[in-house]
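The values are calculated or read from the model by the stated rules, or taken from the named source; none is laboratory data. Predicted model, so just to flag it, every value in this text is computed and none were measured. Note that each Cβ is placed from the backbone with ideal geometry, even for glycine, and that neighbours are counted across all protein chains shown.
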Amino acid sequence: MHYPARAVVNLAAIRHNVATLAARTDAAFMAVVKADGYGHGATEVARAAAEAGATWIGVAQATEALAIAREVPGPTMLTWIYSPTADLTPVVQAGIHISISTPQQAAQVAAAASKAGVRAQVHLKIDTGMARGGSRIEDWAAFIRDVLGRRELEPVAVWSHLARADEPHDPTTAAQLELLERADAAAVTLGLGHHIRHLAASAGLMFHPATHLDLVRAGVAIYGLPPDGSHPREHGLVPAMRLEAEIFQVKHVPAGTPVSYGHIATVGPTWLADIPLGYADGIPRQASNAAVVGLNGHTLPQVGRICMDQFVIDLGDAHAAAGDTVTLFGPDGPFAEDWARAAGTINYTIVTQLGPRVPRVYLDAPIEGGTWN
């Protein structure tokens, strides 16, 4: 028995994208593999990225970072989200760098370092405009003094995150860079020693060279998904995932046939195909009656409501039979971005929300002409 759908991940595309992006900067390169490698498989992506030259790995959740560190030794790893009550001793013992931005977090990491008998390497985060994690500039000096007063901590970086870098001409990015530089200078004045600075994620790397600083953190782009929703080939990127499913059933219906829940679509006379993927697999219900799939060179519309485990496509004149394979998105299109636009969301969500019951199949197919088979 096998599942009637699969996410095929080409690790050669990951390596290609890492190399392509790394060539655009002189900064050190971090591959971000949070959220199980944006749905692609964190361990497999981290390993491929390291093979392509990434010297850093970024993982949001500390628990996920620990698991990946055991499987992919070598690159330096950074994590930045953890429970305020967690014992971070295993993270510190594994040599994973940890982000902090409050005295409370500094105390938590220092306690773990004391328990582990080592100094914890910490990245000091300044909030430059996201209003999420990070110290406010008003609290920054007190925070820096607190950190420098703890011998268990070794501050190795000052960092922040950009809010609107995917809008290349928006002035917010320049303002955030200026605030980071101001905060960094203040920290040095207070006694912070040698350290690195990092600010740019994928959009910063691709559209704002001034933000590269000492380290760039490439996330969505290493999967071949441009952060601004543009075509991957405009940037030399190759989508690394192809989501495909086997047709479950084909039937002919007469004119005026309503389709799926709520009868929001009426079709016919035509041939319909039932596709065994649904919102339980992460297929966005919001894309109902608006998405398309690929079949043997044809682009075919999805019709009616997307259900929990299945949806319907209108074959029109395209010939198909049960067992034939349709592509929801992949390197030749449709793209994850097409599904994102149909659902009113971004390409990040299309891949990261892909459910765990969809098998991930890994291959190493050569990249030719910006695509792969």
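In the set (1) assigned to a loop (DSSP other than H, G, I, E, B); (2) modelled with pLDDT of 95 or more; (3) touching a helix residue (DSSP H, G or I) at 6+ places or on another chain (Cβ under 8 Å), Pro168 fails one condition alone, (2).
Residues in segment 278-305 that are hydrophobic (A, V, I, L, M, F, W, C), over 18 Å from Ile346 (Cα atoms) and outside any helix (DSSP H, G or I): Leu295, Leu300, Val303. Out of all the residues in segment 192-201, is one or more among the charged types (D, E, K, R) and more than 25 Å from Arg15 (Cβ to Cβ)? Looking through segment 192-201, at least one residue is among the charged types (D, E, K, R) and more than 25 Å from Arg15 (Cβ to Cβ).
Does segment 141-150 contain any residue that is among the charged types (D, E, K, R), in a helix (DSSP H, G or I) and farther than 15 Å from Val109 by Cβ? Yes.
Remark: pairs (first residue in segment 19-31, farther than 10 Å from Leu205 by Cα; second residue charged (D, E, K, R) and part of a loop (DSSP other than H, G, I, E, B); Cβ separation under 8 Å; 6+ apart in sequence or on different chains) = Ala28/Asp214.
Conditions first: (1) surrounded by 20 or more Cβ atoms within 10 Å (Cβ to Cβ); (2) within 23 Å of Ala203 (Cα to Cα); (3) out of contact with any His (no Cβ under 7 Å at 6 or more places or on another chain). Met77 passes all but one, so which condition is the exception? Status for Met77: all satisfied but (3). Within segment 328-350, residues that are over 25 Å from Ile367 (Cβ atoms) sit with their Cβ atoms under 7 Å from residues that are in a loop (DSSP other than H, G, I, E, B) and not aliphatic (A, V, I, L, M), at 6+ positions apart or across chains, in these pairs: Ala343/Pro284; Thr345/Pro284.
Summed over segment 261-277, the residues that are surrounded by fewer than 17 Cβ atoms within 10 Å (Cβ to Cβ) and hydrophobic (A, V, I, L, M, F, W, C) give a count of 1. Inside segment 44-54, residues that are under 14 Å from the mean Cα position of the chain (by Cα) and farther than 12 Å from Val9 by Cβ make up a count of 2. On inspection, Ala187 qualifies as in a helix (DSSP H, G or I), in contact (Cβ under 8 Å) with a residue 60 or more places away in the chain, touching a helix residue (DSSP H, G or I) at 6+ places or on another chain (Cβ under 7 Å) and closer than 30 Å to Val147 by Cα. If you filter segment 14-32 down to residues that are assigned to a helix (DSSP H, G or I) and in contact with a Gly (Cβ under 6 Å, 6 or more places away or on another chain), you find that the one that is farthest from Leu237 (Cα to Cα) is Ala22. Looking at Ala210, Ala203, Ala245, just one residue is surrounded by 20 or more Cβ atoms within 10 Å (Cβ to Cβ) and part of a helix (DSSP H, G or I), and that residue is Ala203.
Count of segment 66-98 residues, restricted to those that are in contact with a strand residue (DSSP E or B) (Cβ under 8 Å, 6 or more places away or on another chain), over 20 Å from Asp36 (Cβ atoms) and either in a helix (DSSP H, G or I) or hydroxyl-bearing (Ser, Thr, Tyr) (or both), is 2. For segment 225-236, does any single residue satisfy the condition of being acidic (Asp, Glu) and within 20 Å of Thr345 (Cβ to Cβ)? Looking through segment 225-236, at least one residue is acidic (Asp, Glu) and within 20 Å of Thr345 (Cβ to Cβ). Do we have any residue at all in segment 259-279 that's on the phi > 0 side of the Ramachandran plot and under 17 Å from the mean Cα position of the chain (by Cα)? Checking segment 259-279: not a single residue is on the phi > 0 side of the Ramachandran plot and under 17 Å from the mean Cα position of the chain (by Cα).
Summed over segment 137-172, the residues that are without any contact (Cβ under 8 Å) to a residue 40 or more places away in the chain and over 25 Å from the mean Cα position of the chain (by Cα) give a count of 6. Taking the criterion of being surrounded by 15 or more Cβ atoms within 10 Å (Cβ to Cβ) and in contact (Cβ under 8 Å) with a residue 24 or more places away in the chain, the residues of segment 173-182 that qualify are Thr173, Gln176, Leu177, Leu179, Leu180.
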